Amino acid sequence: MSDAPAKPGLAALFMGFFTIGVCGFGGVLPWARRMVVEQRRWMTPAEFTDLLGLCQFLPGGNVINLSVAIGARFAGTAGALAAFTGLMAAPMTIVIALGVLYAGTSDMPIVQHGMAGLAATASALVLATALKIASPLRFRPIGIIVALATFLAIAVLRWPLPPVLLAAATLSMLLAWRFRA
């Protein structure tokens with residue numbers, strides 16, 4: 001991977017995020033990381049993880065925020081609009097069609113079993129992606145500590161998400177500032 005990421009134009013942003021929207025339907029974060037970091041090399045793994053962290057802290061969908069942020073980074077407002085539109089065009093069409101189909105078939109046992117299988121698959125996909133996204137932290141001991149403390153607070157202690165995120169973000173910024181100097 002080169003040190004300088006490629007700078008995509010509007011068409012590349014639209015098509016890249018359109019592909020994510022089509023291929024990663026229902027779980028686009030793994031596809032987004034693969035396309036942005038591994039295939040197109042628009043960002044380094046660390047840049048992606050840092051930007052994703054910011055996008056998770058903002059209101060709204062993480063990958064939607066990510067598409068807007070990446071689009072804006074490379075092509076301003078037009079890039080943000082191109083990436084967002086690319087990401088949302090296919091899924092919006094597909095989800096409307098599937099909603100109509102599901103409304104007529106939701107009582108069927110095969111559909112109910114299929115949904116249970118999809119839930120298990122989605123859980124594994126989220127876990128695999130979390131491990132990939134966390135990989136840049138292996139060189140940041142403070143990041144590992146903050147990530148583990150956040151996980152413990154939310155998943156084990158079941159503390160409410162907004163105050164935990166606010167505290168974790170504040171703590172991680174202070175620690176990063178303190179130990180970089």
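Just one of (1) among the small types (Gly, Ala, Ser); (2) over 15 Å from the mean Cα position of the chain (by Cα); (3) surrounded by 12 or more Cβ atoms within 10 Å (Cβ to Cβ) fails for residue 116. It is (3). For the stretch 102-124, state whether one or more residues are assigned by TED's automatic domain parsing to the domain that holds residue 44, closer than 21 Å to residue 53 by Cα and free of Cβ contacts under 8 Å to residues at least 40 places away in the same chain. For the stretch 102-124, residues assigned by TED's automatic domain parsing to the domain that holds residue 44, closer than 21 Å to residue 53 by Cα and free of Cβ contacts under 8 Å to residues at least 40 places away in the same chain: present. Only one of the listed residues (76, 104) is surrounded by fewer than 14 Cβ atoms within 10 Å (Cβ to Cβ) and either among the acidic types (Asp, Glu) or within 20 Å of residue 7 (Cα to Cα) (or both). That residue is 76.
When the stretch 125-181 is limited to residues that are β-branched (Val, Ile, Thr) and surrounded by fewer than 11 Cβ atoms within 10 Å (Cβ to Cβ), the one that is modelled with the highest pLDDT turns out to be 156. Just a yes or no: is a residue in the stretch 1-22 within 28 Å of residue 166 (Cα to Cα) and assigned to a helix (DSSP H, G or I)? No, the stretch 1-22 contains no residue that is within 28 Å of residue 166 (Cα to Cα) and assigned to a helix (DSSP H, G or I).
The values are calculated or read from the model by the stated rules, or taken from the named source; none is laboratory data. In this text the structure is predicted, and so the values were computed from the model without any measurement. Every residue, glycine among them, receives a Cβ derived from its backbone with ideal geometry; neighbour counts consider all protein chains shown.
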